[in-house]
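Student: Pasting in a structure now, in structure tokens, and then I'll have a few things to ask.
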Amino acid sequence: MVPLLQDLLSRGNVNLFVTAATRSLIGRLSPLRAQLVVIPVLPLGFSEFCRYQGHPADHQALYRYLNTGGFPFAQGVHDAHSLGNYLDEVFNTILVGGFTKHGTLCNPFLTKQLAIFLATQLGEAVNASKAVSGLRAAGVSVSNKTLATYLTFLQDTFLFYPCYELDLARNRTKPTNVKYYPVDPSLRNYLTNQKGALSQANLEALIFIELVRRGYLVHSSKRFTFVADRGQQRSYIQFRYSLRSQHDYDQVLAAFRTLPASAHKQLIVMQAGDMVVTAPDLPLIRLTDWLVTPQVNPVDHVAHGLVEDDVGPALGGEDKLL
């Protein structure tokens with residue numbers, strides 16, 4: 001493929017568009033990195049969902065979005081049974097297509113059980129031993145090496161996105177204890193057979209995917225919900241479902257006070273609670289407002305070429321190109 005693309009690009013006056021449904025294909029295009037712009041395409045975000053459905057961006061719309069999700073076809077589905085059937089088809093289609101391209105994979109049951117486990121651990125760090133124990137509890141015996149292969153597959157097909165922990169003191173990512181977020185909230189509901197509640201974990205997942213959608217490289221941190229990098233800008237983000245008192249706010253403020261004064265800080269809340277006084281440099285941002293903030297065009301903010309991840313898959317395997 002690469003020689004063909006190189007030949008086409010050498011002809012001049014050629015705009016070449018390549019679509020990819022797996023990270024591995026993007027990795028194979030790495031020899032062309034100087035000539036590429038990578039544009040991520042994800043399911044509809046909350047703001048797009050509201051515009052399509054004609055809903056105001058309020059808590060009720062957010063609850064609907066958590067349960068309908070952003071897959072385009074799902075916007076026309078009006079009952080839970082039909083939505084479940086559609087998501088089942090989406091998941092199985094991805095599995096069949098992915099298995100066809102990955103000759104070493106042969107266990108769709110293991111793949112789905114691993115996806116179910118990750119969906120039940122939303123917002124929690126997962127390492128190899130925890131995942132192996134979780135699968136064994138579900139009746140699936142698996143080795144660490146096999147687990148790493150199937151975990152890589154779930155990321156390669158964009159079903160789950162990893163969020164590595166960032167050691168702020170060393171400015172290095174840790175290759176273990178990774179949080180995994182599904183690409184769409186409906187996928188979590190489908191895998192866990194539960195409705196999407198307005199909870200800390202579910203809304204944290206929305207923020208993560210929205211940051212990815214906006215072109216950020218996102219990490220977790222012991223002190224902050226997320227540390228997000230885009231170009232030369234680093235943002236420190238704290239999300240709280242609610243701040244029930246001035247004391248809660250002051251605790252969050254203390255964490256931000258450890259940063260340089262020039263650092264970009266964001267405190268996002270679902271509900272403001274009984275706040276009395278906020279610091280001028282750290283105002284509260286309501287989640288619904290943050291989710292519908294006008295975004296930069298992806299072509300403007302996605303780095304030209306390919307971005308190489310600084311660590312490989314969390315549970316083993318080779319380094320990947322994103």
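The values are calculated or read from the model by the stated rules, or taken from the named source; none is laboratory data. Every value quoted in this text rests on a predicted model; they were computed, and no experiment measured them. Backbone-built Cβ (ideal geometry, glycine too); neighbour counts: all protein chains shown.
Student: Among the residues of segment 62-96, how many are in contact with a Ser or Thr (Cβ under 8 Å, 6 or more places away or on another chain) and small (Gly, Ala, Ser)?
Tutor: Number of matching residues: 3.
Student: Right, next: For Tyr190, indicate whether it is aromatic (Phe, Trp, Tyr), at pLDDT 90 or above and in contact with a Lys or Arg (Cβ under 8 Å, 6 or more places away or on another chain). Can you show your working first?
Tutor: Working: aromatic (Phe, Trp, Tyr): yes; at pLDDT 90 or above: yes; in contact with a Lys or Arg (Cβ under 8 Å, 6 or more places away or on another chain): no.
No: the conditions fail for Tyr190.
Student: Turning to a different aspect of this structure: Considering only segment 69-81, state which residues are touching a helix residue (DSSP H, G or I) at 6+ places or on another chain (Cβ under 9 Å), free of Cβ contacts under 8 Å to residues at least 24 places away in the same chain and of a type outside the set (Phe, Trp, Tyr).
Tutor: Val77, Ala80
Student: Under 9 Å between Cβ atoms, at least 6 apart or on separate chains: pull out the pairs that start in segment 251-266 with a residue that is farther than 21 Å from Thr293 by Cβ and end on any residue that is modelled with pLDDT of 90 or more and of a type in the set (A, V, I, L, M).
Tutor: From residues that are farther than 21 Å from Thr293 by Cβ, the pairs are Leu253/Leu267.
Student: Is one or more of the residues making up segment 291-312 among the aliphatic types (A, V, I, L, M), modelled with pLDDT of 65 or more, outside any loop (DSSP other than H, G, I, E, B) and surrounded by 13 or more Cβ atoms within 10 Å (Cβ to Cβ)?
Tutor: Taking segment 291-312 and keeping what is among the aliphatic types (A, V, I, L, M), we get 291-292, 296, 299, 302-303, 306-307, 311.
Then drop every residue that is not modelled with pLDDT of 65 or more, which leaves 291-292.
Keeping just the survivors that are outside any loop (DSSP other than H, G, I, E, B) gives 291.
Going one step further and asking which of them are surrounded by 13 or more Cβ atoms within 10 Å (Cβ to Cβ), we end up with 291.
Yes: segment 291-312 contains one or more residues that are among the aliphatic types (A, V, I, L, M), modelled with pLDDT of 65 or more, outside any loop (DSSP other than H, G, I, E, B) and surrounded by 13 or more Cβ atoms within 10 Å (Cβ to Cβ).
Student: In segment 1-110, which helices (runs of 4 or more DSSP H) lie fully inside it and hold 3 or more residues that are surrounded by fewer than 16 Cβ atoms within 10 Å (Cβ to Cβ), more than 22 Å from the chain's Cα centre (by Cα) and among the hydroxyl-bearing types (Ser, Thr, Tyr)? Walk me through how you get there before you give the answer.
Tutor: Working: elements: 2-9, 23-28, 46-53, 59-68, 80-101.
Answer list for segment 1-110: none.
Student: Which one is surrounded by the most Cβ atoms within 10 Å (Cβ to Cβ), of the residues in segment 199-251 that are farther than 25 Å from Gly69 by Cβ and of a type in the set (Ser, Thr, Tyr)?
Tutor: Tyr249
Student: Let me ask something else. Please go through segment 222-248 and give me each residue that is touching a strand residue (DSSP E or B) at 6+ places or on another chain (Cβ under 8 Å) and either among the aromatic types (Phe, Trp, Tyr) or outside any strand (DSSP E or B) (or both), ordered by number.
Tutor: First, the residues of segment 222-248 that are touching a strand residue (DSSP E or B) at 6+ places or on another chain (Cβ under 8 Å): 222, 224-230, 233-243, 248.
Matches in segment 222-248: Lys222, Phe224, Thr225, Phe226, Tyr236, Phe239, Tyr241, Leu243, Asp248.
Student: Oh, and also: Among the numbered criteria (1) modelled with pLDDT of 90 or more; (2) β-branched (Val, Ile, Thr); (3) farther than 30 Å from Ala137 by Cα, which single criterion is violated by Ile116?
Tutor: (3)
Student: Condition (residue is under 30 Å from Ser199 (Cβ atoms), at pLDDT 80 or above and among the β-branched types (Val, Ile, Thr)) applied to segment 40-53: is it met by at least one residue?
Tutor: Yes, because at least one residue in segment 40-53 is under 30 Å from Ser199 (Cβ atoms), at pLDDT 80 or above and among the β-branched types (Val, Ile, Thr).
Student: Can I ask one more? Suppose we filter Arg223, Arg188, Arg230 for residues that are in contact with a His (Cβ under 9 Å, 6 or more places away or on another chain) and either under 30 Å from Pro108 (Cα atoms) or charged (D, E, K, R) (or both); which single one remains? So that I can check it myself, show each step before the final result.
Tutor: On the way: Arg223 fails: in contact with a His (Cβ under 9 Å, 6 or more places away or on another chain); Arg188 fails: in contact with a His (Cβ under 9 Å, 6 or more places away or on another chain).
Result: Arg230 is the single residue among Arg223, Arg188, Arg230 that is in contact with a His (Cβ under 9 Å, 6 or more places away or on another chain) and either under 30 Å from Pro108 (Cα atoms) or charged (D, E, K, R) (or both).
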